[in-house]
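Take a look at the structure set out below.
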Amino acid sequence: MSRCRLALPVAIVLTIAACGSSTADTTTTNGPALQGELLVSAAASLTDAFGEMETAFETANPGVDVVLNLGSSSSLREQILEGAPADVFASANTSNMDQVIEGNAATDSDIFTTNLLQIAVPEGNEAGVTGLDDFANEDLLIGLCAEDVPCGDFARQALENAGVTPSIDTNEPDVRALLTKIEAGELDAGIVYVTDVLSTGGAVEGIDIPTEDNVVASYPIAALTAASNPDAAAAFVAFVLSDEGQAILQDFGFTAP
């Protein structure tokens, strides 16, 4: 059974088919079938794509139960470094992964996808937001992800690139929390990822940020050294990097690294 947890404070694949035997022997010509729970701590912006990744991986490996722990990359990093159980970490930026590696919780990582920022406004854009300059307007309700959260750091970089000092009304713990407030009309504008705007199916409208101001988010993934299911962890990472995994990410608006 698949489950999904939300963090507080989200081929060359090893696809192993079970033998057509009714016995308890799970050995295949490719080696023992993967089994057990696999805990994947992933950035909140990967919620939808990794939900699909979970389904595809479990279909290929029916003995594995993927459990997604979704949240801001910084909070997931802290959980991992404090010893919370996790088999795989997928971050929305490289700095959080670097700290996990420096803390000996992983030995290396691979960049598996990239993303871009986009201004998000409620459907209809009643406030008439047109670009980053509007984030300095004190009459508007403006939200960003909190500092130290990747989407918050990237948004502040983009605003700095544009020479804008934002008038911020709320700092949200992760990108999906920010997106929810924009979709509900509680904010006039915020800065999220392109993929997050796409995920709302039109309930939130996106306004492009000029290329010279935008920031490319690179996403690394790693199997963790303390993984309780290291074989499944390695297989999941391989799946994400595979052609099938990359196709899933592109379906959700992510781009190749």
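The values are calculated or read from the model by the stated rules, or taken from the named source; none is laboratory data. These numbers come from a predicted model, not from an experiment. In this analysis, Cβ positions are derived from the backbone assuming ideal geometry, glycine residues included, and neighbour counts consider all displayed protein chains. Ligands, DNA and RNA are stripped out before the accessible areas are found, and what is left, the full protein with its side chains, is counted by its heavy atoms. Shrake-Rupley method; radii C 1.70, N 1.55, O 1.52, S 1.80 Å.
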Dipole of the range 37-100, positive end: most advanced residue of Ala42, Asn69, Leu81 [Cβ charges, Cα centre]
Leu81
How long, wide and thick is the range 125-257, going by the Cα atoms along their three principal axes, in whole angstroms, largest first?
54, 29, 28
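At 1.4 Å probe size, with the rest of the protein present, what percent of the exposed accessible area of the chain is carbon and sulfur atoms? Spell out each step's value before the answer.
Details: 5520 of 11410 Å².
Of the solvent-accessible surface of the chain, carbon and sulfur hold 48 percent.
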Long-range amide H partners of Val66, meaning residues 5 or more apart or on another chain whose placed amide H is closer than 5 Å, are Leu38
Using the crude model of +1 on Lys and Arg Cβ and -1 on Asp and Glu Cβ, and no other charge, please compute the dipole size for the chain relative to its Cα centre, in debye to 20.
820
Cα-Cα pairs in the range 89-161 separated by more than 16 Å, as a whole percent of all pairs, come to 60
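What share of the DSSP beta bridges in the chain is antiparallel, in percent to the nearest 5?
Roughly 50 percent of the beta bridges in the chain run antiparallel, per DSSP.
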Give the Rg (one decimal place) followed by the Dmax (whole number) of the range 42-149, computed from C-alpha coordinates and expressed in Å.
17.7, 54
Distance between modelled label sites at Ala247 and Asp108, nm, 7 Å Cα→Cβ extension:
2.8
Equivalent ellipsoid semi-axes for the chain, as square roots of 5 times the alpha carbon gyration tensor eigenvalues: give them largest first, rounded to whole Å.
37, 18, 15
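Using a 1.4 angstrom probe, figure out how much accessible area the chain has per residue, in square angstrom, rounded to the nearest whole. Kindly include the intermediate steps, with their values, before the conclusion.
Working: 11410 Å² over 257 residues.
Here the per-residue accessible area is 44 Å².
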Packing-based ranking, highest mean first, of 61-67, 236-242, 167-173 given that Cβ atoms within 10 Å are counted
236-242, 61-67, 167-173
